[in-house]
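In what follows, a structure is listed as structure tokens, so that the remarks can point back to it.
The values are calculated or read from the model by the stated rules, or taken from the named source; none is laboratory data. On a predicted model such as this, the values are computed, not experimentally measured, just so you know. Don't worry about glycine lacking a Cβ; one is built from the backbone with ideal geometry, like all the others, and counts go over all protein chains shown. Only protein heavy atoms, including side chains, enter the accessible area calculation; ligands, DNA and RNA are left aside. Shrake-Rupley method; radii C 1.70, N 1.55, O 1.52, S 1.80 Å.
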Amino acid sequence: MDELIKYSKKQLFYARVRTLASIVTAGALVICLFVLGPVVLNSVTKANAIMEQASETIVLADTALESITEMSDSITEMGDNMDTFIMENAESVEAVMKKIEAVDFEGLNSAIRDLGTVIEPLAKFFNKF
């Protein structure tokens, strides 16, 4: 019976030690929560702010890409319109060039010289009045 009481006292002692260790551990955890809690909350707040900025940047980049795509489409359409314009007017330009080539510039220059020769005496005559 003495041994039973002796073992019971040992068990009670170790139970008290375990209880005290549990209380100390729980206290340490509570202190850690109070110390680390604000740090973690601050970090989470900063992370949320960074995520919001990243989201805004992504939206702006997406908008810029849409604008670039629209501009590229406009440039392509303008090029197509210019090709169509050139093709439609190629025959007219060719006809005009043939007519310009058909003009006798030597004869035209000669006629202008002859006209100048004829008008020069008339101009002198009218300047006297």
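Give the Debye-formula value of log10 I(q)/I(0) at each listed q (0.14 Å⁻¹), with one equal scatterer per alpha carbon of the range 1-65, two decimals each. Rounded to two decimals, the profile gives -0.68.
In the chain, taking the dipole from charged Cβ atoms about the Cα centre, the farthest positive-side position among LEU115, ILE50, VAL96 is held by ILE50.
Of the accessible area of the chain, computed with a 1.4 Å probe over protein heavy atoms only, carbon and sulfur atoms account for 68 percent. Dipole magnitude for the chain: about 2000 debye, using +1 per Lys or Arg Cβ and -1 per Asp or Glu Cβ, origin at the Cα centre. Relative to the longest principal axis of the Cα atoms of the chain, helix 105-127 runs at roughly 70 degrees. In terms of overall dimensions, the range 13-129 has a Cα radius of gyration and Dmax of 46.3, 147 angstrom.
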